[in-house]
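Undergrad: A single structure is presented below for examination.
The values are calculated or read from the model by the stated rules, or taken from the named source; none is laboratory data. Since this is a predicted model, take the numbers as computed values, not measurements. Note that each Cβ is placed from the backbone with ideal geometry, even for glycine, and that neighbours are counted across all protein chains shown.
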Amino acid sequence: MTSTVATATDNRLNNQPVLWGALVAGTLILALGSLAIGRYDVPIENVIGILAHHVLPIDAEWKNVEQRVVELIRIPRMLQAVLVGAALALSGAALQGAFRNPLVGPQIVGVSSGAALGGATAIFLSLGTFAVVGSAFVVGVLAMVIVYLIARTEGRAPILMLVLSGVIVSAFCTSMTSLVTFFANPEDSLPAIVYWLMGSFATASYDKVGILCIALLLAGVPLLALRFRINVLSLGDEEAEALGIKVERTRWIALLAIAGLVAASVSVSGIVGWVGLVVPHFARMLFGPDHRLVLPASMIMGAAYMLFIDNIARTLTASEIPLGVLTAIVGAPVFGWLLRRTRARGW
């Protein structure tokens, strides 16, 4: 058994450059394809020309409408899909490491349901787009803080208590969201709330891309900086403390960063589930349990996965399919297969 594990580890180390290259190349191909396909197809050579003409002296051989579609609609949508996928996958990988549980996702700390409540309430009150984004973000982070305060006993927040507190707060926020939906105007705010809750990039804009960039800068970078400490946390609290890690403070910083990433993602795109739960498993299959590799790999794979799902959502049928529906349809059976696979290997 030991020799088998050692051989698998050696294979991962030897194949790392190939794996990283394949992940980056695949994501770039998906991003380029997402700019070309849609209700109004744009030839791929024209897409490349539109992207390159800002820095290279290229004669415009494409239609003005093609340039407007690519620059004003598809580029912000593509960037939003990349950033949301990266943020959710990074959050899920960090949570699974910090909680020492591969079955938890970003929704476990109550952020997703809290952000959904904030956004739905703002839509119910007919507030503007920025109010919806801001309300979702603030209530999402507040929900996570409440989870932590409920779980904290004697100066500590045990993992089991955090999980149970997350279930409690998530259930409460979900119920309140249902109540807001019940009272919503069926001819006005109700369709907007329901569609927003199911997740979509249809309203993507450069402003929302900017919000996600700020979230990744303020929360994603610190989370990546904690990669080694998350490795130590995955060994257990006692072992981490013996190695000099301040467990409570480290987990609190990680949870705050995760809350910021998830709240920002939900605030601009609605609830997109399963990304933070499924994608980190594939990253660990390729790169092993080391979070110094798993976290950045999860970001790239999450971005590619979200691009793939969004391309299907807007091209498969005449009307756009909500992202949350597709991620659940794809994610649930894949996760079931992963569970069977990991159990068969004795992991």
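Undergrad: Does the range 336-343 contain at least one residue that is over 17 Å from the mean Cα position of the chain (by Cα), in a helix (DSSP H, G or I), hydroxyl-bearing (Ser, Thr, Tyr) and at pLDDT below 90? Working first, answer last.
TA: Quick first cut of the range 336-343, residues over 17 Å from the mean Cα position of the chain (by Cα) only: 336-343.
Restricting the remaining residues to those that are in a helix (DSSP H, G or I) gives 336-343.
Restricting the remaining residues to those that are hydroxyl-bearing (Ser, Thr, Tyr) gives 342.
Narrowing the set further to residues that are at pLDDT below 90 leaves 342.
Yes, that holds for at least one residue.
Undergrad: Within the range 206-225, restricting attention to residues that are surrounded by 23 or more Cβ atoms within 10 Å (Cβ to Cβ) and not small (Gly, Ala, Ser), which residue is farthest from Leu142 (Cα to Cα)?
TA: Checked the range 206-225; the qualifying residue farthest from Leu142 (Cα to Cα) is Lys208.
Undergrad: Further question on the same structure: Just the residues that are part of a helix (DSSP H, G or I) and of a type in the set (Gly, Ala, Ser), please, taken from the range 278-290. Can you show your working first?
TA: The initial filter retains those residues of the range 278-290 that are part of a helix (DSSP H, G or I), namely 278-287.
Ala283 - this is the single residue of the range 278-290 that is part of a helix (DSSP H, G or I) and of a type in the set (Gly, Ala, Ser).
Undergrad: Please return the ranges of helices (runs of 4 or more DSSP H) entirely within the range 110-199 where 2 or more residues are surrounded by fewer than 16 Cβ atoms within 10 Å (Cβ to Cβ), of a type in the set (S, T, N, Q) and touching a Leu at 6+ places or on another chain (Cβ under 7 Å).
TA: Ranges flagged: none.
Undergrad: Then there is this: Report, by residue number, each residue of the range 200-231 that is over 19 Å from Ala297 (Cβ atoms) and assigned to a helix (DSSP H, G or I).
TA: Tyr206, Asp207, Lys208, Val209, Gly210, Ile211, Leu212, Cys213, Ile214, Ala215, Leu217, Leu218
Let's see how each residue does on (1) assigned to a helix (DSSP H, G or I); (2) surrounded by 19 or more Cβ atoms within 10 Å (Cβ to Cβ); (3) out of contact with any Gly (no Cβ under 6 Å at 6 or more places or on another chain); (4) hydrophobic (A, V, I, L, M, F, W, C):
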residue	(1), (2), (3), (4)
Ala240	yes, yes, yes, yes
Ala254	yes, yes, yes, yes
Ile258	yes, yes, yes, yes
Ala264	yes, yes, yes, yes
Val272	no, yes, no, yes
Gly276	yes, yes, no, no
Arg292	yes, no, yes, no
Met299	yes, yes, yes, yes
Leu307	yes, yes, yes, yes
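Undergrad: Take the range 28-47 and flag every residue that is assigned to a helix (DSSP H, G or I), exposed (fewer than 15 other Cβ atoms within 10 Å of the Cβ) and over 27 Å from the mean Cα position of the chain (by Cα).
TA: Matches in the range 28-47: Ile44, Glu45.
Undergrad: Residues in the range 52-72 that are without any contact (Cβ under 8 Å) to a residue 12 or more places away in the chain and surrounded by 15 or more Cβ atoms within 10 Å (Cβ to Cβ): how many?
TA: 1
Undergrad: So, one more: For residues that are in contact (Cβ under 8 Å) with a residue 60 or more places away in the chain and not polar (S, T, N, Q), tally how many sit in the range 220-234.
TA: Going through the range 220-234 one residue at a time, the tally reaches 8.
Undergrad: I'd like the full set of residues that are surrounded by fewer than 21 Cβ atoms within 10 Å (Cβ to Cβ) and polar (S, T, N, Q), limited to the range 93-108.
TA: Asn101
Undergrad: For the range 262-270, check the following and say yes or no: at least one residue is at pLDDT 85 or above and either among the acidic types (Asp, Glu) or over 21 Å from the mean Cα position of the chain (by Cα) (or both).
TA: Checking the range 262-270: not a single residue is at pLDDT 85 or above and either among the acidic types (Asp, Glu) or over 21 Å from the mean Cα position of the chain (by Cα) (or both).
Undergrad: Can Leu103 be described as in a loop (DSSP other than H, G, I, E, B), without any contact (Cβ under 8 Å) to a residue 12 or more places away in the chain and closer than 30 Å to Leu255 by Cβ? If you could, list the steps in order and put the result at the bottom.
TA: Details: in a loop (DSSP other than H, G, I, E, B): yes; without any contact (Cβ under 8 Å) to a residue 12 or more places away in the chain: no; closer than 30 Å to Leu255 by Cβ: yes.
Taking the combined requirement at face value, the residue does not satisfy it.
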